[in-house]
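**Student:** Please find one structure pasted underneath; my questions will follow.
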């Protein structure tokens, strides 16, 4: 192998060749100007960088000196200022600290009259649990974000989970929910706000409800009879969420169609006997149009409609009303609700709605005496408005007039004790045609 081949073909040869070329170029003076030019450029760059760092450091020192002088002057002025200036500044700092704390903590009233955990004051106020459905899951209210307008439109929590998420999960799994609690605690709002309006069918249940009202109602018409689909049939057909408010207001037989519709996760259906031919044709046409003919079974005049995905029933049940101490629902129907939740009116919800101290005291009394009377949030809000815009006697009389007759003496005595007004002057509002100015004259 020649020297040229060794230099060109081997790595070590290339290294030695490059070193030899640099030595020859340096010795002959060819590379010296290039190296000198590069060195001058590098030196100039380092010089400008150094000058820039020095300028920044100088201005930073000037700024720190000015800030230090200003702080020192302020401290000197504060030290030499009169005592009232010290008190004013410290007071402002204290107010700022209190405002910060109030943003994170809901204020609690400590009056023993308004404390929900205070023991009863006499034997007549002994704690006696109201009849409820077991098991019951408490609903918790998020107190850090009060909502203007409707105080019910706030996040509610079921065993630490958002109520909307819980209801959605029950719907996906084919379950049904029963919300149990006193009136005015937000049961209907919890059910409504969990789903889009177009997915919800709502019915205010009354004692005049009949089974046919839920499935198919035959009404007289010019042609003889016309059939109208009931709200349960529509919910089953279209996979809607059916909210039955005050479900225990209906008679036991009126809710019979619910048993079949809520029987399970896969075999839920509604059966209509003696169905009018026009309704059968209408159902067939609708099912064929939506390619859901498998959901419809027709045997002579008996029609069975299987529930579409998404069908769900949410019942809102008011305790201790409509003359029924318990639920007022038959056990077979109760068993079909996969989730039963007790909804109560807690302090955070009452305070967030702007109820005054007297109203909170009434709420606390109702919590200690659930079998006697429990105010709704609407009653407490109206009481607070009348109390603040008219006078306390007017507000108390209006509230007493709205109560059941058997609860009036107890509530009137409690209101008189809280407000200090004469119990004898507490009574329902009445029309008084006498002119108070003439009486005063």
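The values are calculated or read from the model by the stated rules, or taken from the named source; none is laboratory data. Treat the numbers as computed from the prediction; the structure is a model and nothing was measured. All Cβ positions, even for glycine, are placed from backbone atoms using ideal geometry, and neighbour counts span all protein chains on display.
**Student:** Identify the single condition in (1) free of Cβ contacts under 8 Å to residues at least 60 places away in the same chain; (2) closer than 23 Å to residue 205 by Cβ; (3) touching a helix residue (DSSP H, G or I) at 6+ places or on another chain (Cβ under 9 Å) that residue 284 does not satisfy, given that it satisfies every other one.
**Tutor:** With respect to (1) free of Cβ contacts under 8 Å to residues at least 60 places away in the same chain; (2) closer than 23 Å to residue 205 by Cβ; (3) touching a helix residue (DSSP H, G or I) at 6+ places or on another chain (Cβ under 9 Å), residue 284 is out only on (2).
Listed here are the residues, each with its yes/no results for (1) surrounded by 10 or more Cβ atoms within 10 Å (Cβ to Cβ); (2) at pLDDT below 90.
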residue	(1), (2)
46	yes, no
57	yes, no
99	no, yes
106	yes, yes
110	no, yes
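**Student:** Does at least one position in segment 73-83 carry a residue that is surrounded by fewer than 10 Cβ atoms within 10 Å (Cβ to Cβ), within 51 Å of the chain's Cα centre (by Cα) and either at pLDDT 85 or above or more than 30 Å from residue 352 (Cβ to Cβ) (or both)? Steps first, please.
**Tutor:** Just the residues of segment 73-83 that are surrounded by fewer than 10 Cβ atoms within 10 Å (Cβ to Cβ), to begin with: 79-80, 82-83.
Filter once more, keeping what is within 51 Å of the chain's Cα centre (by Cα): 83.
Going one step further and asking which of them are either at pLDDT 85 or above or more than 30 Å from residue 352 (Cβ to Cβ) (or both), we end up with 83.
Yes, some residue in segment 73-83 is surrounded by fewer than 10 Cβ atoms within 10 Å (Cβ to Cβ), within 51 Å of the chain's Cα centre (by Cα) and either at pLDDT 85 or above or more than 30 Å from residue 352 (Cβ to Cβ) (or both).
**Student:** Out of all the residues in segment 4-18, which are surrounded by 10 or more Cβ atoms within 10 Å (Cβ to Cβ) and in a helix (DSSP H, G or I)?
**Tutor:** Here is the first cut: in segment 4-18, the residues surrounded by 10 or more Cβ atoms within 10 Å (Cβ to Cβ) are 4-10, 13-18.
Answer for segment 4-18, where residues must be surrounded by 10 or more Cβ atoms within 10 Å (Cβ to Cβ) and in a helix (DSSP H, G or I): 4, 5, 6, 7, 8, 9, 13, 14, 15, 16, 17, 18.
**Student:** If a residue counts only when it is within 19 Å of residue 312 (Cβ to Cβ), which strands (runs of 3 or more DSSP E) contained entirely in segment 150-262 have at least 1 such residues? Quick ask: steps written out before the conclusion?
**Tutor:** Numbers: elements: 156-158, 177-181, 200-204, 216-221, 224-229, 241-245.
Hits in segment 150-262: 156-158, 177-181, 200-204, 224-229, 241-245.
**Student:** Just for helices (runs of 4 or more DSSP H) wholly inside segment 279-396: which have at least 1 residues that are crowded, with 20+ Cβ neighbours inside 10 Å and in contact with a strand residue (DSSP E or B) (Cβ under 6 Å, 6 or more places away or on another chain)? Full working, then the answer.
**Tutor:** Numbers: elements: 331-334, 347-352, 357-368, 377-389.
Of the helices (runs of 4 or more DSSP H) lying wholly inside segment 279-396, those with at least 1 residues that are crowded, with 20+ Cβ neighbours inside 10 Å and in contact with a strand residue (DSSP E or B) (Cβ under 6 Å, 6 or more places away or on another chain) span 347-352.
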